[in-house]
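Peer 1: Supplied in C-alpha cells, the structure appears directly below.
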Amino acid sequence: MAWAIQHEKSDWGKFMRGKYLNKHNEWSDSKHSTVWSGMKFALKIIRKKQDWFVGNGKSINIWKDHWIGDQPLCDYISPKSPIWKKLSATLSSCIVDGQWSWPAQLVEITTRLGLHLEDVKSPNIEKDDEAYWPFDDQGKMTAKSAMEAIRTKQ
C-alpha cells in the first residue's frame, strides 16, 4: 500500500499524496493514527531504498532520493539535520539541453563523498522519472521483497 501511495498515478494515489504530503514534499507528522505512523515508517524505507530510471528529473529530489551511490545524499552527510526539510531541488535543475550540467557545489560534495557523477546515466527528458524496487526482479515492491530488504539491511 505504501508503494501505491508513493507512486500510483490513480486518483486514489493523487488524493493520498495531496492529503499527506506537506509543502516540503515530506510526509505529514500531524496525522495522529497508528495506521499512519506505520505507513510513514514504510514510506521512509521506500524512499531510501528505491532506485530510479532518470527521465526528465522532475520527480527526483537531489538530496532526499536515492539516485547516486548506496543511499540518498542527505544520509551520507547528516541524515537527522533539519536542513533537509527545506531542500527541494530536483535533478531537473541539473539538466540543460538534455544533458547533465552539474553545479560546482554538487560536484564538490559528491567528489568528497567518493561518488562519481560521470557514472549517472544520461537523462531522457522525453520521459518521466520512474521509480523501481531494486530488490525484486520485476522492479515491483512486494511484501516479501520489502521484508527481505529490511531484514538483510540491503
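Peer 1: To the nearest 0.05, what FRET efficiency results for D119 and I45 with a Förster distance of 30 Å applied to their C-beta separation?
Peer 2: Efficiency at R0 = 30 Å is approximately 0.75.
Peer 1: Separate question: What nm value, rounded to one decimal, do you get for the distance between E130 and A89 when each label is placed 7 Å out toward the C-beta?
Peer 2: Result: 2.8 nm between the two label points.
Peer 1: I've got another one for you. If r is the Cβ-Cβ distance from S28 to Q99 and R0 is 41 Å, what FRET efficiency results, to the nearest 0.05?
Peer 2: 0.65
Peer 1: Keeping every protein chain present and rolling a 1.4 Å probe, give me the accessible area per residue for the chain in Å².
Peer 2: For the chain, the per-residue accessible area is 64 Å².
Peer 1: What trypsin sites (Lys or Arg not before Pro) in region 5-52 are in a loop by DSSP, with at most 12 other Cβ atoms within 10 Å of the Cβ?
Peer 2: Within region 5-52, the qualifying trypsin sites (Lys or Arg not before Pro) (loop, at most 12 other Cβ atoms within 10 Å) are K9, K23.
Peer 1: Which of L87, W63, S33 sits closest to the plus end of the dipole of region 31-154, meaning its Cα is farthest towards the positive end, when Lys and Arg get +1 and Asp and Glu get -1 on the C-beta?
Peer 2: Looking along the dipole axis, the top candidate is S33.
Peer 1: Which one of W102, H116, M16 is farthest out on the positive end of the charge dipole of the chain, using unit charges on Cβ (Lys, Arg +1; Asp, Glu -1) and the Cα centre as origin?
Peer 2: Value computed over the given set: M16.
Peer 1: Tell me, what % of the accessible area of the chain is carbon and sulfur with a 1.4 angstrom probe?
Peer 2: On the chain, the fraction of accessible area on carbon and sulfur atoms equals 54 percent.
Peer 1: Using +1 on the beta carbon of Lys and Arg, -1 on that of Asp and Glu, and nothing else charged, what's the dipole of region 51-132 about the Cα centre, debye to 20?
Peer 2: It comes to approximately 440 debye.
Peer 1: For region 51-132, what relative contact order do you get, as a whole percent, if you take Cα pairs closer than 8 Å and at least 6 residues apart?
Peer 2: Here the relative contact order equals 49 percent.
Peer 1: Which value at 222 nm does the chain reach when only helices count, each DSSP H run of 4 or more adding -39,500 (n - 2.57), with the total divided by all residues and rounded to the nearest 500 deg cm²/dmol?
Peer 2: -10000 deg cm²/dmol
Peer 1: Between their Cα atoms, which of K19/K144; K40/K80; K9/K80; K48/K144; K14/K64 are more than 26 Å away from each other?
Peer 2: K19/K144; K9/K80
Peer 1: Under a point-charge model restricted to the Cβ atoms of Lys and Arg (+1) and Asp and Glu (-1), what is the dipole moment magnitude of the chain relative to its Cα centre, in debye to the nearest 20?
Peer 2: That gives the chain a dipole magnitude of about 840 debye.
Peer 1: Across the chain, what fraction of all alpha-carbon pairs, as a whole percent, falls in each successive 10 Å bin from zero upward?
Peer 2: Result, from short to long distances: 10, 38, 38, 14, 1 percent.
The values are calculated or read from the model by the stated rules, or taken from the named source; none is laboratory data. Because the structure is a prediction, the values reported are computed rather than measured. Backbone-built Cβ (ideal geometry, glycine too); neighbour counts: all protein chains shown. What goes into the accessible areas is simple: the full protein's heavy atoms, side chains included, and nothing from ligands, DNA or RNA. Shrake-Rupley method; radii C 1.70, N 1.55, O 1.52, S 1.80 Å.
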